[in-house]
1. Looking at the stretch 39-50 only, could you name the residues that are open to solvent by 60 Å² or more (accessible area, probe 1.4 Å) and in contact with a strand residue (DSSP E or B) (Cβ under 6 Å, 6 or more places away or on another chain)?
2. Considering only residues of the stretch 1-12 that are in contact with a helix residue (DSSP H, G or I) (Cβ under 6 Å, 6 or more places away or on another chain) and open to solvent by 50 Å² or more (accessible area, probe 1.4 Å), which is modelled with the highest pLDDT?
3. Looking only at residues in the stretch 13-38 that are farther than 15 Å from Glu64 by Cβ and of a type in the set (S, T, N, Q), which one is least open to solvent (accessible area, probe 1.4 Å)?
Amino acid sequence: MQRDQVPWLGDKRCQIYLYRNREAYRWQATGAPAWSSGFVNYPQRMVYSHLEVSAFPEQTLPHELAHIIFP
């Protein structure tokens, strides 16, 4: 398969930013509400979260990536 046929291998890759805690995630990056554990900037293909999210790889990351894949 060619690199240009797989969006996540080329220029369509997303960037994932993990902040050290909820406060840094909310105030430095997103301004998200207190209940939020993840945030997506769809036009720039960026995912934001923080290290205090215990289920980040199993729940939060797939959920946020779905927002990018299925806008």
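The values are calculated or read from the model by the stated rules, or taken from the named source; none is laboratory data. Given the structure is predicted, the values throughout are model-derived calculations rather than measurements. Ideal geometry is used to build each Cβ from the backbone, glycine not excepted, and the neighbour counts take in all protein chains shown. Surface areas here come from the heavy atoms of the whole protein model, side chains and all, with no ligands, DNA or RNA. Shrake-Rupley method; radii C 1.70, N 1.55, O 1.52, S 1.80 Å.
1. Scanning the stretch 39-50 gives a single hit, Phe39.
2. So the first thing to find is which residues in the stretch 1-12 are in contact with a helix residue (DSSP H, G or I) (Cβ under 6 Å, 6 or more places away or on another chain), and the list is 3, 9-10.
Narrowing the set further to residues that are open to solvent by 50 Å² or more (accessible area, probe 1.4 Å) leaves 3, 9.
Numbers: Arg3: 61, Leu9: 67.
By that ranking, first place goes to Leu9.
3. Asn21
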